[in-house]
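Each value in this text was obtained by applying a stated rule to the coordinates, not by laboratory testing. Everything quoted here is computed from the prediction, not taken from an experiment.
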Amino acid sequence: MFCEKCGKLLKNQNGVFVCAICGAEKNEPAGSNLVKTDKRVEREVIIVEDSEQIKTLPTIAVRCPQCNNNEAMWWLRQLRSADESEVRFFRCTKCSHTWREYD
């Protein structure tokens, strides 16, 4: 809810909405959909222990210099100063060899 006088956001103080700027008060409207809770609901967090089995990086057709496989995952990193181009990293999907390319 917003203050009708100054337009700022109202804060709930014991069922009464109060403007922190001008001090205007507004009672909670009858039949409103507001729900008061005392407890925070915790959500279940799924932890992935083996990140090697989950491949989320994009792949590209490029030849691995170590095993000659034709597919590798790739990602970009800014290693040098901001006015220089990013460095492309590749990791072979077969032997996991990692190499980089500069522009």
Taking θ = phi - 60°, what integer Hz values does the Karplus form 6.51 cos²θ - 1.76 cosθ + 1.60 yield along region 12-25, in sequence order, with x for Gly and Pro? 7, 10, 6, x, 10, 8, 10, 7, 6, 8, 9, x, 5, 10
Please report, in Å, the Rg and the Dmax of region 57-103, where both are computed over Cα atoms only. 11.3, 34
